[in-house]
Structure formats: C-alpha cells, structure tokens
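Novice: Submitted below is the structure of interest, expressed as structure tokens.
FYI, it's all coordinate maths here, none of it is from the lab. Just so it is clear, the structure is predicted and the values come from calculations on it, not from any experiment. When we count neighbours, we look across all protein chains shown, and the Cβ atoms used for this are built from the backbone with ideal geometry, even at glycine.
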Amino acid sequence: MTFPSDTIPAEGLVDTEALRRDFDLPEEASSADEAEALLAMNRYLAALGHLEREIGANDEEHLQLMRYYSDRHAARQHQLGGRCDYLRSVLQRFFEAFPPTGKAKSRKLLAGTVGTRRKPARVTVVDETAVLVWAKAHAPDIVETKERVPAKAVQEHPDAAGVELVPAQDTFFATPGV
C-alpha cells in the first residue's frame with residue numbers, strides 16, 4: 001500500500017525520541033500498513049504544524065503592516081485635512097469680505113463655487129435616559145421595544161416551538177504538536 005506522504009521527507013520533521021514516550025509508535029502497529037500510516041500521519045501532522053505556525057506569523061506580519069499603513073494613512077489624512085481647512089477658512093474670509101449681490105447666496109467661479117447654505121434646525125439627544133422617561137410618559141407610541149429569547153436559554157428547552165435539536169456528532173480534528 002502506498003501513501004501520498006511518500007513525497008514528503010520525514011527528516012527533521014519528527015522527533016523520534018519524543019515519539020518513544022507515550023505515543024502510538026509505528027513499531028507497535030499490528031501491520032506494516034498501519035505502521036506506514038502512523039508514520040505518514042506523523043509527517044502530515046508535523047507539516048500541518050509548520051504551516052499553521054507560518055500562517056500565524058503571516059497574520060502577525062499582516063497586522064503589523066496594517067497598523068503601519070493605518071498610522072501612515074491617518075497622519076497623511078490629518079495633514080491633508082489641515083490644508084483643506086486652511087484653504088476653506090481663506091475662501092470664507094474672501095467670501096465674507098466680498099459677498100454676492102442681491103438674493104444670491106453663492107458665487108460661481110472658474111474653479112468651483114463658494115457660498116452659504118442654510119442647515120435646518122434639528123434635535124440631538126444628549127441624555128437618552130431622560131428622553132426615554134419623557135417618551136414613555138408623553139408619547140409612548142414612539143418608544144421601540146426589542147423582544148428576543150437568548151439562544152443559551154433555549155438550550156434547556158429542546159422541545160420548544162421554533163427550535164431544532166442538532167444531535168451531537170463526532171468531528172475530525174488534527175492538532176499538531178509543538
């Protein structure tokens with residue numbers, strides 16, 4: 001019987017001294033095929049462990065690069081935003097010094113338009129608790145209530161309507177050693 005592991009070298013991947021302690025050893029197998037399978041599984045687990053460590057290192061490198069570029073982006077945006085604010089303040093001073101005539105609220109120029117806009121009045125909630133108390137007393141129809149049943153609470157009632165019991169099942173796992 002041949003296994004695909006024949007293409008993966010075992011040298012340096014398996015610590016044979018550690019294997020002798022209390023692990024399933026190839027020499028304890030009941031057949032040559034089982035011994036070969038145990039060796040192959042060890043090689044695959046070692047390779048899997050190496051790849052998972054590489055994935056972890058790659059994720060860490062990605063996070064470091066993201067932090068670097070995020071910080072660089074924030075600094076650049078702050079610098080550009082400051083320049084924009086300065087130019088807007090200069091334009092506003094020019095506009096205030098030389099406002100449009102008549103009913104016009106803006107001036108069309110070759111490079112764009114400057115002007116003023118009226119923003120409508122609006123309400124901003126500064127104390128949610130006080131607003132909730134007021135709304136319950138004076139306008140209960142605007143109060144929103146969200147009802148829900150936590151999934152953890154339903155675990156004790158598998159026969160409840162609207163739930164489905166998912167039976168326990170064995171799933172395969174492969175956890176490489178260190």
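Novice: Have a look at VAL90, VAL131, VAL114 and point out the one that is within 30 Å of VAL143 (Cα to Cα) and hydrophobic (A, V, I, L, M, F, W, C).
Specialist: VAL131
Novice: Going through the range 144-154 one residue at a time, which ones are part of a loop (DSSP other than H, G, I, E, B) and either surrounded by 10 or more Cβ atoms within 10 Å (Cβ to Cβ) or charged (D, E, K, R) (or both)?
Specialist: Answer for the range 144-154, where residues must be part of a loop (DSSP other than H, G, I, E, B) and either surrounded by 10 or more Cβ atoms within 10 Å (Cβ to Cβ) or charged (D, E, K, R) (or both): GLU144, LYS146, GLU147, ARG148, VAL149.
Novice: Limited to the range 91-124, what total is found for residues that are among the β-branched types (Val, Ile, Thr) and either surrounded by 10 or more Cβ atoms within 10 Å (Cβ to Cβ) or part of a strand (DSSP E or B) (or both)?
Specialist: Summing the residues that are among the β-branched types (Val, Ile, Thr) and either surrounded by 10 or more Cβ atoms within 10 Å (Cβ to Cβ) or part of a strand (DSSP E or B) (or both) in the range 91-124 gives 3.
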